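Q: First the structure, which I've put down as structure tokens, then a few questions once you've had a look.
Any read-out appearing in this document is the output of simple, stated calculations on the displayed coordinates, not a laboratory observation. In this text the structure is predicted, and so the values were computed from the model without any measurement. So basically every Cβ, Gly included, is an ideal-geometry build from the backbone, and we count neighbours across all protein chains shown.
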Amino acid sequence: MMYLHTSMPAPEQPLHETLVADARAAVEACAGWNARLAARRITGFLNRRMRDSSLTLAQFGLMAQIAAARDGALSELAQRTGLDQSTLSRNLQVLEAAGLVELAADDADARRRAVRLTGKGAQSLQAGLADWKRAHGELAKRLDPEAARRLALATEALEEG
């Protein structure tokens with residue numbers, strides 16, 4: 001498929017100076033936009049430094065959440081990761097297809113689904129931990145990783161209302 005680029009015509013009406021100023025102020029002050037920008041930058045930094053790992057940062061984080069959990073129930077995993085059920089399911093399908101996790105009925109309640117690492121998944125996570133520690137150490141030289149943790153903890157209150 002070929003894309004043709006044409007020049008953009010001048011706007012019918014130029015933007016009012018107050019709109020431009022208000023938009024700039026909103027972009028600079030918006031907590032949501034700034035948090036997303038920071039998350040993309042941190043994720044990109046860590047992903048670039050974890051290239052030698054077979055896992056992306058998102059996969060590593062999800063597998064670490066699974067390994068660290070006392071309960072493998074999908075509903076609890078979704079809550080801990082802040083992912084909706086649909087997004088969580090898509091991410092788990094990729095890990096399952098790679099043989100890194102297995103999904104099954106919960107041992108305690110057959111109506112609930114649970115997830116756990118396979119042996120291959122545990123080995124991948126173990127190998128990924130070394131890469132993550134190195135990458136995180138490099139990150140810590142540039143910014144305080146605890147600042148991101150404090151922000152994550154502080155925003156838990158936003159889920160209540």
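Q: How long are the semi-axes of the ellipsoid equivalent to the stretch 37-161, from square roots of 5 times the Cα gyration tensor eigenvalues, in whole Å, largest first?
A: Working: eigenvalues 130, 79, 26 Å².
They are 26, 20, 11 Å, listed largest first.
Q: Okay, next question. Which of Leu151, Leu100, Leu62 moves the most in a Gaussian network model of the chain with Cα springs under 10 Å?
A: For the chain, modelled as a Gaussian network with Cα springs under 10 Å, the answer is Leu151.
Q: Now, a different point. Relative contact order of the stretch 20-153: what whole-number percent is it, with Cα pairs under 8 angstrom and at least 6 residues apart? Display every interim value, and only then the final one.
A: On the way: 103 pairs, mean separation 33.4, N = 134.
Relative contact order for the stretch 20-153 comes out at 25 percent.
Q: Just the number, please: Stokes-Einstein D of the stretch 1-44 in µm²/s, Kirkwood Rh from C-alpha pairs, 37 °C, 0.692 mPa s.
A: On the way: Rh = 13.8 Å.
In µm²/s, the coefficient is 238.
Q: I want to verify the translational diffusion coefficient of the stretch 11-104 in µm²/s; compute it with Stokes-Einstein, Rh as the Kirkwood radius over Cα pairs, at 20 °C and 1.002 mPa s.
A: Working: Rh = 16.3 Å.
It comes out at roughly 131 µm²/s.
Q: Moving on to the next point. What size of dipole, in debye to the nearest 20, comes out for the chain about its Cα centre when the only charges are +1 on Lys and Arg C-beta atoms and -1 on Asp and Glu C-beta atoms? Present the calculation step by step, with values, prior to reporting the outcome.
A: Values: 21 positive and 20 negative charges, 147 e Å.
So the dipole magnitude of the chain works out to roughly 700 debye.
Q: Below 12 angstrom from the Cβ of Gly137, what's the summed charge of the other residues (Lys, Arg +1; Asp, Glu -1)? Provide the component values of the computation, followed by the final result.
A: Working: positive: Arg49, Lys133, Arg134, Lys141, Arg142; negative: Asp131, Glu138.
Taking every other residue near Gly137 into account, the sum is +3.
Q: Related question: Could you work out how far helix 17-29 tilts from the main Cα principal axis of the chain, as a 0 to 90 degree angle to the nearest 10?
A: The angle comes out near 20 degrees.
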